[in-house]
Structures are given as structure tokens and as C-alpha cells.
Amino acid sequence: MSNSADSPGTGTSSARRRRFRPVRVLTAAVFALAGLIFFTSFNTAKGTNIRTDTSLLKLSDLIQERSRKNGELDESNAALRGDIESLAERDDGSTKAEDDKLAALEEKTGTQDLKGESVSVTLDDAPPDATAKLPGYPEPQPDYLVIHQQDLQAVVNALWQGGAEGIKVMDQRLISTSAVRCVGNTLILQGRVYSPPYKIQAVGEPKRLKKALAESPAIQNYMVYVNVYGLGWKVEDEGTATLPGYSGAVDLHYARPVE
């Protein structure tokens with residue numbers, strides 16, 4: 001009886017020892033891992049405040065890096081498109097009328113290079129220490145001294161109104177789905193980020209283009225800030241120029257109802 005009674009007790013004690021031993025090992029492993037993390041954090045910080053260290057990655061750095069990658073993807077896409085067009089030039093059985101129709105569609109979509117007489121417009125922020133140059137105007141607020149989205153849109157719209165056959169903003173060709181947007185005083189165009197000065201170039205009849213710029217009410221309002229606070233404005237004849245074809249993606253992305 002005593003032996004049979006002792007056996008369960010002995011087995012229970014052994015089971016408890018076996019049960020607690022992994023817990024001790026796990027506890028030691030947790031403390032060791034915590035020590036490794038503290039050491040790594042100290043070695044990385046080297047006595048600096050990690051939360052406020054200006055050398056760490058900032059949101060602006062991330063945006064610039066993404067903009068650079070988007071530019072590389074655009075270049076790769078343009079190269080692939082060139083390869084496709086080279087293959088398409090081979091005899092595929094299409095008629096001349098069909099080829100002419102395709103060429104006309106490509107020209108209208110802005111995916112092909114465009115050559116012709118051109119005019120450029122350059123807009124720039126005013127000096128940060130600018131003051132009112134003319135009497136009767138208030139001293140400038142910071143908002144008065146930077147280029148806004150509406151200013152860029154006014155120039156683009158005026159050039160289209162003046163009969164532009166194609167427009168390039170900075171180094172990118174505009175197409176029907178292009179959107180000129182600004183965040184703060186930076187331009188975001190087709191996934192890439194730009195800072196002023198902003199250059200807009202259009203191919204078309206120079207006199208008509210410049211006349212449309214001069215007659216635009218939005219640009220006339222902008223010119224008040226040019227004359228009073230020193231915002232940058234320059235219109236130049238560029239002679240014969242070639243605008244590059246749009247090299248980005250042309251697929252449309254839109255919201256869909258949940259099924």
C-alpha cells in the first residue's frame with residue numbers, strides 16, 4: 001500500500017520538476033534577448049536621441065526615393081515600349097489606312113515624340129525676404145511668396161487654350177489623364193516630385209500661345225504677385241523643340257463597388 005501510494009507522489013514531483021525546468025530556460029532566454037536588444041539600441045544610438053535624430057530616414061527622404069524609383073520605372077517602360085514599336089514595324093498584315101489611323105491615335109495620346117515651334121514658361125518662388133514693391137499693398141504672408149497648384153494649372157490651361165499640340169511640365173509629357181498637383185510648394189506629377197523653379201514647355205504657334213497666356217484672367221492675377229512681391233515669371237521662345245512621348249503607364253485605376 002505504501003509503495004503504491006508513494007509512486008504517484010514521486011511521479012508528481014518529477015512531473016513538476018520537468019514542467020518548471022522549461023519555464024526557467026524560457027525566462028533566461030527572454031532576459032538574454034532583452035539584453036541583446038538594449039545593447040544593439042545603445043550601439044546604434046551612440047549616445048544620441050533616436051527619436052529626434054535628424055540623420056534618420058524622414059518622410060521627405062522616402063518621397064524623394066520613391067520619386068527616383070518611379071523615374072527609373074518610367075525609363076524602363078519607355079525602353080520596353082520602344083522595343084514593342086520596333087516589333088510592330090514588321091509586316092503584320094495591316095493596311096496603310098490602318099497604320100495611319102494608329103499613328104494618328106498615338107499622336108493624340110501623347111505617347112510619341114512631338115517636334116515643332118515651342119514656347120516655355122518658368123515660374124519660381126519669390127525671395128523669402130521679399131517685401132511689397134508697390135504702395136497700397138500689404139506686406140507679404142508666406143503664402144504669397146510660393147507657387148501654388150492653381151498657378152501651374154493656369155499656365156497649362158492657357159497653353160491648351162492657345163492651341164498647344166503638346167505640353168511638357170519639367171521633364172514629363174502631359175496626357176489626357178495627367179493631373180498637376182502641389183503639396184506645399186512641391187509639385188507631384190505622375191508619381192514624381194519636383195521643386196521650383198517649374199518649367200512648362202508647349203509646342204504650337206508661338207504668337208497664339210503667348211496671346212493666350214496674356215489673356216488668361218488667372219495669369220493676370222498671378223502677375224500682380226509677380227510685380228508686387230517678386231514671384232518668378234519668364235516666357236521664352238524656344239525655337240524648334242522636341243517634346244518626348246509620355247512613357248508612363250496608361251492603365252486607368254478607378255474605384256469599384258464591393259460585391
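Could you calculate the contour length gain from residue 122 to residue 188, that is, 0.36 nm times the residue separation minus the distance between their Cα atoms, to one decimal place in nm?
Value of the extension gain: 22.1 nm.
Please compute the modelled spin-label separation between residue 207 and residue 133, points set 7 Å along Cα→Cβ, answer in nm with one decimal.
Modelled inter-label distance: 2.9 nm.
How long is the gain from residue 224 to residue 143 if the chain were fully straight, where each residue apart is worth 0.36 nm and the alpha carbon distance is subtracted?
On the way: separation 81, 0.36 × 81 = 29.16 nm, distance 1.43 nm.
In short, 27.7 nm is gained.
Find the Cα radius of gyration of the range 173-229, compare it with 2.2 N^0.38 Å by division, and give the number to two decimals. Mind showing how you got there, number by number?
Details: Rg = 13.6 Å, N = 57, 2.2 N^0.38 = 10.2 Å.
Against the compact-globule rule of thumb, the ratio is 1.33.
Carbon and sulfur: what percent of the range 130-189's accessible surface (1.4 Å probe)?
Numbers: 1550 of 3160 Å².
That share works out to 49 percent.
With +1 on each Lys and Arg Cβ and -1 on each Asp and Glu Cβ, how big is the dipole of the range 118-241 about its Cα centre, in debye rounded to the nearest 20? Each step should come with its number before you reach the end.
Working: 11 positive and 13 negative charges, 66 e Å.
Here the size comes out at about 320 debye.
First check a/c for the range 134-259, with a ≥ b ≥ c the square roots of the eigenvalues of its C-alpha gyration tensor; if it is under 1.5, answer rounded, and if not, answer prolate when a/b is larger than b/c or oblate otherwise. List each step's numbers first, then the result.
Values: a/c = 2.11, a/b = 1.31, b/c = 1.61.
Note, shape of the range 134-259 comes out oblate.
First measure r as the distance between the Cβ atoms of residue 161 and residue 255, then evaluate 1/(1 + (r/R0)^6) with R0 = 22 Å and state the FRET efficiency to the nearest 0.05. Don't jump to the answer; show the numbers that get you there.
On the way: r = 31 Å, r/R0 = 1.41.
The computed FRET efficiency comes out at 0.10.
Quick one: what are the phi-derived ³J(HN,Hα) couplings along the range 159-168, Karplus 6.51/-1.76/1.60 with θ = phi - 60°, whole Hz, x for glycine and proline?
Per residue, the Karplus-derived 3J(HN,Hα) values read 5, 4, 4, x, x, 4, 7, x, 9, 10 Hz.
The values are calculated or read from the model by the stated rules, or taken from the named source; none is laboratory data. Source: prediction; values computed, not measured. Cβ: placed from backbone, ideal geometry, glycine included. Neighbour counts: every protein chain shown. Heads up: the accessible areas ignore ligands, DNA and RNA and are worked out on the full protein's heavy atoms, side chains in. Shrake-Rupley method; radii C 1.70, N 1.55, O 1.52, S 1.80 Å.
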